[in-house]
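Asker: Questions regarding the structure given below will be posed in turn.
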Amino acid sequence: MLSASNQAKRGKKNPSKQMKNKSVRPSTTRSTAGLGFDFEDHVAAWLLLKALSGQPLPGVEGSGTRLQMQTEALGWVIDDILLTTTLAPDDKRQLAISCKSNEQVTASALPADFVTRCWLQWANADTGPLHRGKDRLMLVTRGRNNKFMATWSELKHAAPGADLALALGRMRATAKHRRMFESLKAPAKDAGVTASEADVIAMVNHIEVAPVDFHIANSEDEKRAIREARSLLV
């Protein structure tokens, strides 16, 4: 007869040995991440839906042909999402997107970290993936700041055109316009860029801001996206 202790030894394996013999699958960054990655996924799905349904894409012309995520390895400093579009066989455009699952902007300023990254991307245009004049840099935020969007829209309307003096005059017309203009110019120093006023105007042309309400209760953007997805199935 086996003793009780021997029976226990034979009938029950050592848990530590079981763990050693059992292969452990490492968790991916995305599988253990929180709301930030989930917000990015919502934005990516929203962009894909627009491309599939033939809707105008935010900030960039052409038909969507590719969507990539986490593109730092491709030389993008704005690296959460990269949307590539095609206007013609030899004319491609790129939209590099930073997704932030909070409001980020204030009534009179863009977030300094985002603008610094934009200047870093701009400074490396000769060797990096950004093509000035064609590609765009976008900040997607959760939630809308109406005061910011009103002033930002006025700067965007003033930026296009060859008359830099007129554009600059409009962008510096009021205190709130001047504060927003400086929120674009000041971070250039942190990026090691000497930015002229003409460069700031060009940067206004290259930056887009898109507020969405994903992750907000009763999200209208999510409801709209679901309706559009169902219409594609039909």
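Asker: Has the range 209-218 got any residue that is small (Gly, Ala, Ser) and assigned to a helix (DSSP H, G or I)? Walk me through how you get there before you give the answer.
Answerer: Restricting attention to the range 209-218, the residues satisfying the condition of being small (Gly, Ala, Ser) are 210, 217.
Next cut, assigned to a helix (DSSP H, G or I) only: none.
Within the range 209-218, not a single residue is small (Gly, Ala, Ser) and assigned to a helix (DSSP H, G or I).
Asker: Right, something else. Among the residues of the range 190-203, is any open to solvent by 10 Å² or more (accessible area, probe 1.4 Å), in a helix (DSSP H, G or I) and in contact with a Gly (Cβ under 9 Å, 6 or more places away or on another chain)? Working first, answer last.
Answerer: The initial filter retains those residues of the range 190-203 that are open to solvent by 10 Å² or more (accessible area, probe 1.4 Å), namely 190-199, 202.
Cutting the leftovers down to in a helix (DSSP H, G or I) gives us 190, 197-199, 202.
From the residues that got through so far, the ones that are in contact with a Gly (Cβ under 9 Å, 6 or more places away or on another chain) too are 202.
Yes, because at least one residue in the range 190-203 is open to solvent by 10 Å² or more (accessible area, probe 1.4 Å), in a helix (DSSP H, G or I) and in contact with a Gly (Cβ under 9 Å, 6 or more places away or on another chain).
Asker: Only one of 62, 36, 75, 54 is of a type outside the set (Asp, Glu) and in contact with a Gly (Cβ under 8 Å, 6 or more places away or on another chain); which?
Answerer: None of the others qualify; the one that does is 75.
Asker: Within the range 208-215, is there a residue that is open to solvent by 50 Å² or more (accessible area, probe 1.4 Å) and more than 22 Å from residue 106 (Cβ to Cβ)?
Answerer: No.
Asker: Somewhere in the range 107-121, is a residue open to solvent by less than 60 Å² (accessible area, probe 1.4 Å) and either without any contact (Cβ under 8 Å) to a residue 24 or more places away in the chain or of a type in the set (Ser, Thr, Tyr) (or both)?
Answerer: Yes, some residue in the range 107-121 is open to solvent by less than 60 Å² (accessible area, probe 1.4 Å) and either without any contact (Cβ under 8 Å) to a residue 24 or more places away in the chain or of a type in the set (Ser, Thr, Tyr) (or both).
Asker: Looking only at the range 62-121, count every residue that is in a loop (DSSP other than H, G, I, E, B) and under 12 Å from residue 137 (Cβ atoms) and tell me the total.
Answerer: Step one: list which residues in the range 62-121 are in a loop (DSSP other than H, G, I, E, B), which gives 62, 70-71, 75-80, 89-90, 101-105, 107-108, 110-111.
Checking the rest, the ones that are also under 12 Å from residue 137 (Cβ atoms) come to 76-80, 110.
Residues that pass the stated criteria total 6.
Asker: Would you point out the residue of the range 87-115, among those that are closer than 16 Å to residue 181 by Cβ and among the polar types (S, T, N, Q), that is nearest to the chain's Cα centre (by Cα)?
Answerer: 106
Asker: Could you check how many residues of the range 33-67 are open to solvent by 40 Å² or more (accessible area, probe 1.4 Å), within 13 Å of the chain's Cα centre (by Cα) and among the charged types (D, E, K, R)?
Answerer: The number of residues fulfilling the criteria is 2.
Asker: For the range 139-176, how many residues are open to solvent by 30 Å² or more (accessible area, probe 1.4 Å), of a type outside the set (Gly, Ala, Ser), within 21 Å of residue 60 (Cα to Cα) and not in a helix (DSSP H, G or I)?
Answerer: Here the count works out to 3.
Asker: To continue, here is another question. Among the residues of the range 199-213, is any farther than 19 Å from residue 138 by Cα and touching a residue at least 12 places away in the same chain (Cβ under 8 Å)?
Answerer: No - not one qualifying residue is present in the range 199-213.
One line per residue, one yes/no per condition, for (1) touching a Ser or Thr at 6+ places or on another chain (Cβ under 8 Å); (2) of a type in the set (Asp, Glu); (3) at pLDDT below 95:
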| residue | (1), (2), (3) |
| --- | --- |
| 7 | no, no, yes |
| 18 | no, no, yes |
| 22 | no, no, yes |
| 52 | no, no, yes |
| 56 | no, no, yes |
| 63 | yes, no, yes |
| 72 | no, yes, no |
| 78 | yes, no, no |
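The values are calculated or read from the model by the stated rules, or taken from the named source; none is laboratory data. In this text, all values refer to a predicted model and were calculated from it rather than measured experimentally. When we count neighbours, we look across all protein chains shown, and the Cβ atoms used for this are built from the backbone with ideal geometry, even at glycine. Note: accessible area is taken over every heavy atom of the protein model, side chains too, but ligands, DNA and RNA are not part of it. Shrake-Rupley method; radii C 1.70, N 1.55, O 1.52, S 1.80 Å.
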